[in-house]
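Below: one structure, written as structure tokens.
The values are calculated or read from the model by the stated rules, or taken from the named source; none is laboratory data. Everything quoted here is computed from the prediction, not taken from an experiment. No Cβ is skipped: glycine too gets one built from the backbone with ideal geometry, and neighbour counts run over all protein chains shown. Surface areas here come from the heavy atoms of the whole protein model, side chains and all, with no ligands, DNA or RNA. Shrake-Rupley method; radii C 1.70, N 1.55, O 1.52, S 1.80 Å.
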Amino acid sequence: MESTQQHSITLERMVDLFETNRKVLSSNDTALLAGIRDKAFTLFGSLGFPHTRMEAWRNTDLKESLGLGYDYYFHPLPEADIQKVFRCNIPNLDTAIIGQLNGWYVSKDVPLMELGNGIIMGSLAEAKKKYPTLVEKYYNLSTNDVSDVFTAMNTAFEQDGVFIFVPQGVKSPKPVQLINVIHHQDNIFMQSRNLIVIGDNASLSLVHCDDSYNQQASFSNLVSEVFLGENAFLDHYKLQNLNNNSTLISASYFKLEAGANLESHYLSLNGGLIRNNIQVLFNGVHGNANIFGLYLMDRKQHIDNQVFVDHAFSDCTSNEIFKGVLDENARGVFNGHVLVRRNSTKTDARQTNKNILLTDTARINSQPFLEIYNDDVKCAHGSSTGQLDPEAMFYLRQRGISEESARMLLMFAFAEEIVGKIAIPQLRQRIEDMVKKRLQGELRICEQCVLHCSTPNHPLDFKIDLSKI
Amino acid sequence: MDTDSNKIIDEVTQGDYKYGFVTDIETEFAPRGITEETVRYISTKKNEPGFMLEFRLKAFRHWLTMTQPKWAHLTIDPINFQDIIYFAAPKKKENLEKLDQVDPELLATFNKLGISLEEQKKMTGVAVDAVMDSVSVKTTFSETLSKYGIIFCSFSEAVQKHPDLIKQYMGSVVPYTDNYFAALNSAVFSDGSFCYIPKGVRCPIELSTYFRINAANTGQFERTLIVAEEGAYVSYMEGCTAPQRDENQLHAAIVEIVAMKDAEVKYSTVQNWYPGDKNGKGGIYNFVTKRGICKGNNAKISWTQVETGSSITWKYPGCILLGDNSVGEFYSVAVTNNHQQADTGSKMIHLGKNTRSIIISKGISAGKGQNSYRGLVKVTKNAINSRNYSQCDSLLLGSQCGAHTFPYIQVGNKSSVVEHEATTSKISEDQLFYCQQRGIDTESAIGLIVNGYAKEVLKQLPMEFAVEAQKLLSISLEGSVG
Amino acid sequence: MLLSIKNLHASINGKEILKGVNLEVNNGEIHAIMGPNGTGKSTLASVIAGRDVFETTSGEILYKGKNLQKLSIEERACEGIFLGFQYPVEIPGVSMTNFMRTAVNEIRKYKGLDALSGSEFIKLMEEKKKLVEITSNLTNRSVNEGFSGGEKKKNEIFQMAMLEPMLAILDETDSGLDIDALRIVANGVNKLRRPDNAFVVITHYQRLLDYIVPDFVHVLYEGKIVKSGGKELALELEDRGYDWIKKELGE
């Protein structure tokens, strides 16, 4: 097993790793894919790691994260306790579960499932071998022109991840739950790649979780490419619940053909440093994208959401709402960027970022950008940061509700705007519980992941009963 | 919108620049280009004390280590800084104590611009410091003002007569290290205005500086410094024009404002430098650093700007709110037509407790104009209970222009409230139709609507300026609105 | 005595609004406070409820013989003080049910009572809705969000019915109501009236007092109660306006 032990992440180390392991890395590549990998490696080498003097990174400093020592593996680790790791899921929710351990598809015996309705789900590495033409058709399409160092590094190094293909006209009957658990006895650096293709008029509901199993430090560099065909629909959830020593760089590239509809939810509940790089490209008319985000951070946690929406075609609508509560020494960054190109008439784009700071040591940087080259548009953005509404506080307390409960009620209401948009009822219920627990400071690194109700017999205890009557 | 109104828009936005004439006046130039020698030449020419030369040289040496910033949303042809003449002055007679000793050509120039330098014509009740190319040619009303202890004179005069004040405050708000253009200005600035309002004095009249670029191939680098002592008040206006020339000309200015406890300074600008022609040829490159500091408690600084000129505008008038309860305001209307580009906005830095700031920005883009709002609101950890409200609206006239909004918001404590809102829209066809149905032609209707759109800002201007600004707004959009 | 206000001075941001208010309210009484705009009526209500943006500079408020000064907003509420707001705030994301259930149970806890179960609570809510003639479904709506002006005011009365206060202060509850809504609001108050509780009704207009008959009417002017009388004072004010009072005061 090639592995390199406990080194910090530097350009030199990565270049060295690539060159000495080039053969292993490319073992599943077609000629075309190998070419893409080499090109990405060159780009990665020329870009180097970011620093805070770069505009896109001025508010997120990776020095400390990159500086830790990490193991790097070119093979999946033994799956000894995999049964334990994936033992439960969302209560009462029937999902198709796909597991990843440290980024590697947990194959058990079936590396690639082919369902009766034509849906293919499983290991990307396996898909490269089994469906090379299908993979080649989409792979790197979204990331080809991107000069982002982490995406380039991912393309150069990725060896596995998840591949989902929903054929034209097929509606996936139940939600797919993709769980990536980071679990290693030492610090680990992992990169994985997902490729998700939803055909014309097809639909998919995807719950995508990133979780830590223990308190060990980790550095994850994830890239997902998501393609929505004409009139396709994707209901997408990204749940992030990693430990405080983790760094997660997560890029998602959504490409929407005409009439496609994307609902995406980024729920960041815990993590040391999280950077979400969300790119939405309208590649046809009449597309719609709703991108919602909720982040609840405390201690020295850092959340950075970069959201870029490219209105490259007419008649598309987009709506971004990102909301955050920052406690203790937490730091939040929101950088939204809506681009309306010259000929994209009848564009309707909205962008909102709202934050609540609970202490004088929490910080937020909010940068909601609009770049508009067409006059036939409706665009608006807003950003607000502040405390809980004092009028509402007074009203609640006048009705006899204690200050503490009133604060909790209002914070929950603040989060509810995002949580309430979760379309899967069981998932919404679960997330509501998580958010309540999180806001009361009870949800530190959960024993396991968000959806792994590892302690089902330990009921959630709230001062306020918010359950619906 | 139908083609007819597009045509009208084109017509409306292509009004001619009325200040494009050149005055034939004898001018003294520094040699082209910039070296340490140029800096020394300027200092010698102005007979400056040692500290000034020292300041200039430090700034120049620092400038050499810097590169031109590229972060703005602007496409700028490379500037050859060695091809610019850094000092041009109308040759003046030995003694300029009396008005009749001012070159009549100069007087005529300013009269043509609608600015009277003759004290007897004090109808307007505005004291004027007129700056032609690099040099202040005449300051009016100085004597009247001196009765109140107010100093209002050219920067050069202040350097000679009030060196201590200059030494104390120059560079205290905008240090020469601040940015590329501030460093350049600090090295080569030639003149500008200086204003000092003593403790408790309310300046009885509007003060005004009028800037005019005349000579070809020259850059204009002026510097304004306003100091308002405790409890003082002053309203200050600045206007600018330049002749119509094919080549781009560089203007890099600095304005510094210091407001002590309970002082209030209101600074209004109507910027109408030559914007270049319809094809984007020529025009002023306007790189300006304007900043005020509310040093004492309850101080207030208010910036109002109407930006219609220049081919490139790069300016971010800001306030450092150091004193508790201090207030910063920024009201802006920026018009970009034809090939004009503007990247402008404000910086509000909240350091003191209970500090408040407001930003109202109205961008109007027409033709192929690119209009960007860029602003920073920073609330530090100690600036508890602070408040900012920003509203940045963009109006697009025609399908070839662009409107962009780049707010940077940083909040570092729990008790402050910061809100930013922005909308982008075009003139609604309903509004147009409504006006037309009442018998108003499209062009006038657009003028009306645009003026209404900008009203919130225009009403902040002193009366003398508001009328001019309103006219300017319509003229700059003549043939452009869509 | 239920409420006794003595020489109350209160200010906001250093500006004095109340300049020596004296008022006594006994159990079973209904008091009306009238007066021109901006004379401190709402401020008085807020100060009794304990709103912290106002600073009590001198004087005292005794409620059931206790000085209110040291009690928090919610402690006052739990002690039985209810403020019907002139402009009830909208709280998106907080459902009416959760809100009311939390309030009812916190007040019960304060009184040493057990929390209501879900079904008990629903029963109580239905009962009170009927009492105040609310037909709309509140369960799935956020607090005051998207309510019309009349609905908001009726919702205040509904909450008053739910919380059964000892002292209810209704701040211009009648403003913006049509005649039907006005009747519903007034009927609610009359139904909730008991020998042991009391109401302070702040209003601009006499018309509310056609429905809620006050025992006492006070005129608040320039931060002071300048005139008190029986219900006929309200009629006189309706007739003659406030100018004669200003004249009486020598202005």
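Evaluate the charge dipole of the protein assembly as shown about its Cα centre and quote only its size in Debye, nearest 20, assuming +1 on the Cβ of each Lys and Arg and -1 on the Cβ of each Asp and Glu.
In debye, rounded to 20, the protein assembly as shown gives about 1660.
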Exercise. Sorted by accessible area with a 1.4 angstrom probe, largest first, how do B:339, A:311, B:73 fall?
Worked result: B:339, B:73, A:311
Problem set entry | Heavy atoms of residue A:235 accessible to a 1.4 Å probe, total area in Å² rounded to 10 | 10
Exercise. Can you list the HN-Hα couplings for the range C:149-156, worked out from phi with the Karplus curve (6.51, -1.76, 1.60; θ = phi - 60°), rounded to whole Hz and with x for Gly and Pro?
Worked result: x, x, 4, 4, 5, 5, 5, 4
For this session: Measure out, as a whole number of angstrom, how far apart the alpha-carbon centroids of the range C:69-103 and the range B:361-384 sit.
Result: 40
Problem set entry | 5 angstrom amide H check on residue A:197, placed H, neighbours 5+ away | A:164, A:165, A:166, A:227
Exercise. Taking every residue in C:85-95, how many Cβ atoms of other protein chains lie within 10 Å of its Cβ, on average?
Worked result: 6
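Per residue of C:183-190, count partner chain C-beta atoms within 10 Å of its C-beta, then hand back the mean as an integer. Present the calculation step by step, with values, prior to reporting the outcome.
On the way: counts 0, 0, 0, 0, 0, 0, 0, 0.
Per residue, the number of nearby Cβ atoms from other chains is 0 on average.
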For this session: Run the dipole for the range A:3-284 about the Cα centre, Lys and Arg Cβ at +1, Asp and Glu Cβ at -1, nothing else charged, and hand back the magnitude in debye, nearest 20.
Result: 40
For this session: Taking a cut-off of 24 Å between Cα atoms, list the lysines near residue C:109, but don't count ones fewer than 8 places away on the same chain.
Result: A:436, A:437, A:463, A:468, C:64, C:66, C:70, C:123, C:128, C:129
Exercise. Just how far, in whole angstrom, is the range C:129-172 from the range A:321-392 if you go by their alpha carbon centroids?
Worked result: 34
For this session: Using +1 at the Cβ of each Lys and Arg and -1 at the Cβ of each Asp and Glu in the protein assembly as shown, identify which of B:280, C:43, A:219 lies farthest towards the dipole's positive end.
Result: C:43
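Using DSSP to define loop residues, name the trypsin sites (Lys or Arg not before Pro) in the range C:5-85 whose beta-carbon has at most 16 other beta-carbon atoms within 10 Å.
Listed in order of number, the matching sites are C:64.
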For this session: Convert each backbone phi in the range A:373-386 into a coupling constant with the Karplus relation 6.51 cos²θ - 1.76 cosθ + 1.60 (shift: θ = phi - 60°), then list the ³J(HN,Hα) values in order as whole Hz, x for Gly and Pro.
Result: 10, 8, 8, 8, 9, 10, 10, 8, 9, x, 9, 9, 9, x
For this session: Please count, across the range B:312-382, the pairs of lysine residues with Cα atoms under 24 Å apart that sit 8 or more places apart or on different chains.
Result: 10
Exercise. Roughly how many Å² of residue A:207 are accessible to a 1.4 Å probe, to the nearest 10?
Worked result: 0
Problem set entry | Residue among A:326, A:134, A:314 farthest towards the positive dipole end of chain A, charges placed on Cβ | A:326
For this session: In whole Hz, with x marking every Gly and Pro, tabulate ³J(HN,Hα) for the range A:177-183 from phi via Karplus 6.51 cos²θ - 1.76 cosθ + 1.60, θ = phi - 60°.
Result: 10, 10, 10, 10, 9, 9, 8
Exercise. By Kyte-Doolittle mean hydropathy of at least 0.0 and Cα axial length of at least 20 Å, which whole DSSP H helices of chain A are selected?
Worked result: A:31-47, A:403-419
For this session: Under 12 Å Cα to Cα from residue B:261, which aspartates and glutamates show up? Leave out anything in the same chain fewer than 8 places away.
Result: B:229, B:230, B:324
Exercise. DSSP loop trypsin sites (Lys or Arg not before Pro) in the range B:398-481 with at most 14 other Cβ atoms within 10 Å of their Cβ, which ones?
Worked result: B:438, B:459
Seminar exercise, completed: For residue B:310, the residues 5 or more places away or on another chain with a placed amide H closer than 5 Å to its own amide H are B:273, B:274, B:284
Exercise. Dipole size in debye (nearest 20) for chain C around its Cα centre, Lys and Arg Cβ +1, Asp and Glu Cβ -1?
Worked result: 440
For this session: Please go through the range C:149-251 and write out the trypsin sites (Lys or Arg not before Pro) that DSSP classes as loop and that have at most 16 other C-beta atoms within 10 Å.
Result: C:193, C:207
Exercise. Using a probe of 1.4 angstrom, how much of the accessible area of the protein assembly as shown is carbon and sulfur, in percent?
Worked result: 49
For this session: Quick one: grab the alpha carbon gyration tensor of chain A, order the square roots of its eigenvalues as a ≥ b ≥ c, and give me rounded if a/c is under 1.5, else prolate or oblate depending on whether a/b is larger than b/c.
Result: rounded
For this session: Report the one residue of C:72, C:136, C:61 whose Cα lies farthest in the direction of the positive end of the charge dipole of chain C (charges on C-beta: Lys and Arg +1, Asp and Glu -1; origin at the Cα centre).
Result: C:72
For this session: Please give the solvent-accessible surface of residue B:207 in Å², to the nearest 10, using a probe radius of 1.4 Å with every protein chain present.
Result: 0
Problem set entry | 5 angstrom amide H check on residue B:304, placed H, neighbours 5+ away | B:267, B:268, B:269, B:331
Problem set entry | Ranking by accessible area, most exposed first, for A:126, A:114 with a 1.4 Å probe | A:114, A:126
Problem set entry | Alpha-carbon centroid distance for the pair the range A:134-176 / the range B:400-429, whole angstrom | 34
